[in-house]
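Only one structure is covered here, and it is reproduced in the block below.
The values are calculated or read from the model by the stated rules, or taken from the named source; none is laboratory data. As the structure is a computational prediction, the values presented were derived from the model and not from experiment. For neighbour counting, all protein chains shown are included, and Cβ atoms are generated from backbone atoms with ideal geometry for every residue, glycine included. Only protein heavy atoms, including side chains, enter the accessible area calculation; ligands, DNA and RNA are left aside. Shrake-Rupley method; radii C 1.70, N 1.55, O 1.52, S 1.80 Å.
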Amino acid sequence: MQMLSTTIRATFALILLLSLGFSLVLAQVRQIDVLITLVKDRVVALPGGGSPVEEPLGVNETLVTTGSQGPAGFAQTTRRLLGFSSGLRRWTEMQLGIEEQVDRHQILPRLIVVQTNRRVHGFQESRGHWFSDPLGPNETVKQLRGRGHVIVVVTSERALAFSAFTGGVFAVRWSAHEQMQSIDQTNDVTVIQTTTRQLAFRSQTGGWTELR
């Protein structure tokens, strides 16, 4: 009888430990979603918990669009790009230049990329930081594609990669007469096949490598 009681207690303790471990795993992987909205003259981020985080608009500044994916929030105004980090609970701005116009953007849970007629901007949610790279006078953007932790911008002159983990803009230029044929992506790897080579970009290493 005593042995049975000991076995029951041991089994109960094991179940309790497993339950606590499972709860801890769920807490670690659970993603916090944020919602971006306009309240009077303020852009407001509403995370899943805690107080709202506000960013006031300037005089004659108006909101153009908002968006969010998971913990990353985005707002475009007539003057600025605003990125929101739920992890840091703050807004970070990127001023738009004179006659700089937004053409397209993509929002992933940890990464935002915005392409304008002058530059390509990337925002890392984990760092709450913007990165930018200017486009050449005759450079045109052909594709903007992202998945998981990587967004790639393909232009007439090069490929630009942004990672949710490694800061900066990673570029590789096309050689003479080189043309892109296809792009394959997973959450952490992008492979571009051109007419002359195969290029790979990985989210946690940074930089392009040529596959041989």
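The table for this structure:
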| read-out | value |
| --- | --- |
| Residue count, the range 40-89 (criterion: modelled with pLDDT under 95 and open to solvent by less than 50 Å² (accessible area, probe 1.4 Å)) | 2 |
| Hey, residue 100 at pLDDT 95 or above and in contact with an Asp or Glu (Cβ under 9 Å, 6 or more places away or on another chain) or not | no |
| Residues of the range 94-113 classified as under 24 Å from residue 191 (Cβ atoms) and either without any contact (Cβ under 8 Å) to a residue 40 or more places away in the chain or surrounded by 17 or more Cβ atoms within 10 Å (Cβ to Cβ) (or both), total | 9 |
| Residue that is nearest to residue 129 (Cα to Cα) [pool: residues in the range 166-197 that are outside any strand (DSSP E or B) and among the aliphatic types (A, V, I, L, M)] | 169 |
| Condition check for residue 178: open to solvent by 40 Å² or more (accessible area, probe 1.4 Å) and more than 18 Å from the chain's Cα centre (by Cα) | no |
